[in-house]
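The values are calculated or read from the model by the stated rules, or taken from the named source; none is laboratory data. These numbers were taken from a predicted model, which means no experiment stands behind them. Cβ sites come from the backbone with ideal geometry, for glycine too, and all protein chains shown count toward neighbours.
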Amino acid sequence: MRRVKEEGGEGAVIVLDMSCVNFIDSDGLGELVKIHERVEGVLVAACRAPVRDALLDGGVFEKMGKEAFFETTAGAVDAARRAVGAGGMTEAVVLVEGIEHVL
């Protein structure tokens, strides 16, 4: 993630596991959109109902596109692996409960 923050997200896929997030405010929504604008491939996984509602109400689904959202973390990780395997991306990073895993 440090490289993505410092150098930009060209060639990177980031999976954000949101399964432990119970609430997201407008600042959080704004940060998610900023990450999406900076990184080519941001995939959001396992949102709980209140977070999903906030993403819908805040227009984040429209800005990021529904293909960036997955019901499960496993589904998002599979999509990240396919993106890397297809040659379109060079690195996949999964954030689960704040712990970074590089695929």
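In region 55-67, which residue that is surrounded by fewer than 19 Cβ atoms within 10 Å (Cβ to Cβ) and in a helix (DSSP H, G or I) is farthest from the chain's Cα centre (by Cα)?
Going through region 55-67, the residues surrounded by fewer than 19 Cβ atoms within 10 Å (Cβ to Cβ) turn out to be 56-59, 61-63, 65-67.
Subsequent filtering for residues that are in a helix (DSSP H, G or I) retains 56-57, 61-63, 66-67.
Working: LEU56: 15, ASP57: 18, PHE61: 12, GLU62: 14, LYS63: 13, LYS66: 12, GLU67: 11 Å.
Once the filter is applied, the top-ranked residue is ASP57.
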**Item:** Tabulated pairs, region 51-68, first among the β-branched types (Val, Ile, Thr), second part of a helix (DSSP H, G or I), C-beta under 7 angstrom, 6+ apart or interchain
**Value:** VAL60/LEU29; VAL60/LEU32; VAL60/VAL33
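Residues in region 52-72: is at least one β-branched (Val, Ile, Thr) and at pLDDT below 90? Even if it seems obvious, please write down each step before you answer.
Start the filter on region 52-72 by keeping residues that are β-branched (Val, Ile, Thr), which leaves 60, 72.
Keeping just the survivors that are at pLDDT below 90 gives none.
No: region 52-72 contains no residue that is β-branched (Val, Ile, Thr) and at pLDDT below 90.
Go through region 29-54 and give me each residue that's small (Gly, Ala, Ser) and surrounded by fewer than 16 Cβ atoms within 10 Å (Cβ to Cβ).
Answer for region 29-54, where residues must be small (Gly, Ala, Ser) and surrounded by fewer than 16 Cβ atoms within 10 Å (Cβ to Cβ): GLY30, ALA49.
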**Request:** Report the residue count in region 57-73 for those that are touching a Ser or Thr at 6+ places or on another chain (Cβ under 8 Å) and polar (S, T, N, Q).
**Result:** 1
**Request:** Could you please find all residues in region 32-49 being in contact with a Gly (Cβ under 6 Å, 6 or more places away or on another chain) and either among the acidic types (Asp, Glu) or modelled with pLDDT of 90 or more (or both)?
**Result:** GLU40
